[in-house]
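The structure appears below as structure tokens.
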Amino acid sequence: MRRGRGSIIKRGKHYSLVIDNGLDENGKRIRKWIAVNGGERDAEKQLTNYLHQQDTGLFIAPTKITLSEYLAKWLKDYAKPKLSTRSYDRYADIIKRYINPKLGRVLLHQLTPGQFQELYSEWLEKGLSNATVRYHHAVIHNALRSAVKWGIAIRNVCDAVEVPKKHRTDMQIWNEEEITKFLEFTKNSKYYELFYLALFSGMRRSELLALRWVDMVRWTPLLGQQGG
């Protein structure tokens, strides 16, 4: 089936698109062959989309790069120069452990929102929290956004994926009896003064850890009153 500058070729049970990109400098016709992931209707739809993209200047000929190959490039060219060592290692670990085993071999241009939706569901079923899945989604979404900017992909398929909702965690607060029991249990600990300050001063953890002994002495009268 031929339609203007493109045609659909069937080989066995599979379909391919042939996109006509004119002539090269030697007068030889330039054609791009694109494998279709689906049947005849999918081929017709993809051909229409590609021809429209050509007309609007958005056409990007699919490459044979897999998701894992692209993500390796993204980690090297984008993540490593921009992120801290800790963040880079975390991104690389997420890609290695959670993304590549399932979708790493899929060609970049054949990725679909449904594949990621299924992957996120699997993560949740295996016990990952909503917050963790949302973080993993942010990593792959960021990576695919770069693919669009670099002209490697037409769109970010993760834009169409539903991520788990945030769960609000109710703050658990000790009552007076629980505080008294805790202080009684830790009264012989070398960290007793620190525990006491944490409970009654309203200081943050970073502030508590930055205290010097001279700062602790200022609280001695109050601590003495507590002990009495």
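The values are calculated or read from the model by the stated rules, or taken from the named source; none is laboratory data. On a predicted model such as this, the values are computed, not experimentally measured, just so you know. Counting neighbours? That spans all protein chains shown, and the Cβs are built from the backbone with ideal geometry, glycine included.
Within the stretch 1-28, the set of residues being modelled with pLDDT under 80 and either farther than 18 Å from K45 by Cβ or not in a strand (DSSP E or B) (or both) comprises M1, G4, R5, D20, N21, G22, L23, D24, E25, N26, G27, K28. In the stretch 13-42, the residues that are assigned by TED's automatic domain parsing to the domain that holds T112 form no Cβ pair under 8 Å with any partner that is in a strand (DSSP E or B) and modelled with pLDDT of 70 or more, whether six or more places apart or across chains. G151 meets the conditions (1) modelled with pLDDT under 90; (2) over 30 Å from H109 (Cβ atoms); (3) within 34 Å of the chain's Cα centre (by Cα); (4) not charged (D, E, K, R) in every case but one. The failed one is (2).
Testing S146 on (1) free of Cβ contacts under 8 Å to residues at least 40 places away in the same chain; (2) assigned by TED's automatic domain parsing to the domain that holds K96; (3) of a type in the set (S, T, N, Q); (4) touching a helix residue (DSSP H, G or I) at 6+ places or on another chain (Cβ under 6 Å), one condition comes back false. Which one is that? Failing condition for S146: (1).
Counting only helices (runs of 4 or more DSSP H) that sit wholly inside the stretch 92-196, those with at least 1 residues that are over 30 Å from N37 (Cα atoms) are 130-149, 176-185.
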